[in-house]
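What follows is a short report on a single structure.
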Amino acid sequence: MTALGNCADGPTAGETQPLKICLLGYRSNPHSGGQGIYLRYLSKALVDAGHSVDVISGQPYPELDERVKLIKMPGLNLYEVERPARALKPRHLLSWADFFEWWSKLTGGFAEPYTFGRRVNKYLRKHGKQYDIVHDNQSLCYGLLDIEKNGLPVVATIHHPITRDRQLALDAAPDWRFRLLVRRWHNFLNMQIKVSRKLRHIVTVSRQSERDIIEQFGVAPEQIHLIYNGIDTELFNPGGENKRLPLRIMTTASADQPLKGLRFLLQALAELRQEYENIELLVVGKLREGGATERLLHDLDLQDKVKFVSGISNEELVDNYRRATAVVCPSLYEGFGLPAGEAMACGAPVVSSDGGALPEVVGDAGIVVPAGNHEALANALRQVLSSEALRKELSEKGRQRIENKFSWKIAAESLVKYYREILGHSLAEQPSNHEIETPNMRSAEAA
């Protein structure tokens, strides 16, 4: 097999021809969860590099650059329905995907990755020839294997194996009934593990995730290619005016996900309140009424010190980063750590746990403490709050690190190089006694 790019006489047409790329996202919330954010910035960077990009997504849909075409692949979207049991209509009985999605929700399961795969596989059987390559964003559905079998090269991004999330949820479960529900909801992992082992091309976003995918999913190392996420350094920037509030701490967390470690930050805040009476915490995330985080706020008497905001625009998020004295990333595990990178790009001093890949992002440009240790978090925040010189140093080093090491332009260039290598291998593996349909021919026919 030969990869593109090895010709001594310079780049061939295949190396310079714009690609037609299809990105997949089974749910792509534009403001939380990371998956919609990944699709938004990756698709924009690929278009900026001269390629054509379509995004096929289930609900909630992403917010995309106007040059990127969104192909909506709606499911039942049962997590946004007030009464899911009544959401099934007679027409849905004609679709196994619709019925299975409804039945799984009622029985505590999460079928969206599987049902999205069925729908997108059906769509690409009809329309797939217009694309050079299909790139999945962690649905890891059975449909990907059929798409690959039907001749379309497939790449899948695994941000991190969800086995981590499942284990932390099990550890936090109060009783056996709740543990049973956790296992039922995460049943889709069986599919993701099987599909990951069979896919030929996997991208991951950190060395930590690479190790975890090999260990927990049983994927062969040669299947995995590391390409770091990027940060939009044009949007996320320090701004020209210093608006930082003297005792404003900020974090981005899904309030009741144990993985995000918010409880340790709240415990640190309760300790620091004794020394800094006016300290406040802004949480970019949604507080679930009656959940574990709300109960902890009452136990620590922090209701008047913590504010939650959700559904904010990117511009509002940037403004909040610029107003924070320090941004804390207390996660027990992160496959990459996008909020840390965004905060650093905005010049905010960062205090981070060592959970997962966070040290890879933060490096020596922030203060890194052991995950799950509220005392270490409190001590690190004391250093930042008490030293203007330290805040200035971390602000400058953070911005410089993101500019030098993490950008969507670099990520897109690396991905395109990987795409072309895969396409070159695909062509080399075709029988030599048949006419080979090149990616460029497919694109021309579709046009």
Point to revise | Set Arg67, Arg91: member being among the charged types (D, E, K, R), touching a helix residue (DSSP H, G or I) at 6+ places or on another chain (Cβ under 9 Å) and at pLDDT 95 or above | key: Arg67
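If I ask for residues that are surrounded by 13 or more Cβ atoms within 10 Å (Cβ to Cβ) and assigned to a loop (DSSP other than H, G, I, E, B), which ones from the range 292-304 would you list? Give the derivation first.
Of all residues in the range 292-304, those surrounded by 13 or more Cβ atoms within 10 Å (Cβ to Cβ) come to 292-294, 296-297, 300, 302.
Selection gives Leu300, Leu302.
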**Study point:** Enumeration of residues in the range 49-66 that are touching a Lys or Arg at 6+ places or on another chain (Cβ under 8 Å) and either under 16 Å from Asn229 (Cβ atoms) or assigned to a loop (DSSP other than H, G, I, E, B) (or both)
**Key:** Ala49, His51, Gly58, Gln59, Pro60, Tyr61, Pro62, Glu63, Leu64, Asp65
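Restricted to the range 147-161, and to residues that are of a type outside the set (A, V, I, L, M) and either at pLDDT 95 or above or under 22 Å from Lys126 (Cβ atoms) (or both), which residue is surrounded by the fewest Cβ atoms within 10 Å (Cβ to Cβ)?
Across the range 147-161, the extreme among qualifying residues is Lys149.
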Point to revise | Pairs where the first residue, in the range 47-75, is farther than 15 Å from Leu415 by Cβ and the second is of a type in the set (S, T, N, Q) and in a loop (DSSP other than H, G, I, E, B), C-beta under 7 Å, 6+ apart | key: Ser57/Ser28; Gln59/Asn77; Pro60/Ser28; Pro60/Asn29; Tyr61/Ser28; Pro62/Ser28; Pro74/Gln59; Gly75/Gln59
Review point. So which of Ile224, Ile202, Ile279 ends up being in contact with a helix residue (DSSP H, G or I) (Cβ under 6 Å, 6 or more places away or on another chain), outside the structural domain of Ala292 (by TED's automatic domain parsing) and surrounded by fewer than 21 Cβ atoms within 10 Å (Cβ to Cβ)?
Key: Ile224
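Please work out which residue is farthest from Tyr38 (Cα to Cα), limiting yourself to the range 167-190 and to residues that are in contact with a Leu (Cβ under 7 Å, 6 or more places away or on another chain) and buried (at least 16 other Cβ atoms within 10 Å of the Cβ). Steps first, please.
First, pick out the residues of the range 167-190 that are in contact with a Leu (Cβ under 7 Å, 6 or more places away or on another chain): 168, 179, 182.
If we keep only those that are buried (at least 16 other Cβ atoms within 10 Å of the Cβ) too, we end up with 168, 182.
Values: Leu168: 24, Val182: 26 Å.
In this case the residue turns out to be Val182.
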**Study point:** Residue check for Val68: in contact with a Ser or Thr (Cβ under 6 Å, 6 or more places away or on another chain) and assigned by TED's automatic domain parsing to the domain that holds Leu42
**Key:** yes
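Restricted to the range 227-265, and to residues that are in a helix (DSSP H, G or I) and in contact with a Pro (Cβ under 9 Å, 6 or more places away or on another chain), which residue is surrounded by the fewest Cβ atoms within 10 Å (Cβ to Cβ)? Break it down stepwise before answering.
Taking the range 227-265 as the starting set, the residues that turn out to be in a helix (DSSP H, G or I) are 258-260, 262-265.
Of the ones still in play, those that are also in contact with a Pro (Cβ under 9 Å, 6 or more places away or on another chain) are 260, 262-265.
On the way: Lys260: 26, Leu262: 27, Arg263: 20, Phe264: 23, Leu265: 26.
Ranking the candidates gives Arg263 first.
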**Study point:** Lone qualifier among Arg211, Arg197 - being within 27 Å of Thr107 (Cβ to Cβ) and not polar (S, T, N, Q)
**Key:** Arg197
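Conditions (1) basic (Lys, Arg); (2) assigned by TED's automatic domain parsing to the domain that holds Pro153; (3) at pLDDT below 95, marked per residue:
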residue: Arg40; (1), (2), (3): yes, yes, yes
residue: Val53; (1), (2), (3): no, yes, no
residue: Ser95; (1), (2), (3): no, yes, yes
residue: Phe100; (1), (2), (3): no, yes, yes
Check your understanding: For the range 70-82, how many residues meet the condition of being modelled with pLDDT of 85 or more, outside any helix (DSSP H, G or I) and over 30 Å from Gly50 (Cα atoms)?
Key -> 3
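Can Arg177 be described as in a helix (DSSP H, G or I), modelled with pLDDT under 95 and over 29 Å from Tyr228 (Cβ atoms)?
Yes; evaluated as a whole, the condition is true for this residue.
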**Study point:** Elements of type strands (runs of 3 or more DSSP E) contained in the range 305-385, each with 1 or more residues being of a type in the set (D, E, K, R) and not assigned by TED's automatic domain parsing to the domain that holds Gln35
**Key:** 306-309
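Mind telling me which of the residues Arg197, Arg119, Arg164 ends up being assigned by TED's automatic domain parsing to the domain that holds Glu80, surrounded by fewer than 16 Cβ atoms within 10 Å (Cβ to Cβ) and on the phi < 0 side of the Ramachandran plot? Let's see the steps before the verdict.
Details: Arg119 fails: surrounded by fewer than 16 Cβ atoms within 10 Å (Cβ to Cβ); Arg164 fails: surrounded by fewer than 16 Cβ atoms within 10 Å (Cβ to Cβ).
Testing whether each residue is assigned by TED's automatic domain parsing to the domain that holds Glu80, surrounded by fewer than 16 Cβ atoms within 10 Å (Cβ to Cβ) and on the phi < 0 side of the Ramachandran plot leaves just Arg197.
The values are calculated or read from the model by the stated rules, or taken from the named source; none is laboratory data. Note that the structure is predicted; figures quoted are calculated from it, not measured. Here Cβ is always computed from backbone atoms with ideal geometry, including for glycine, and neighbour counts include all displayed protein chains.
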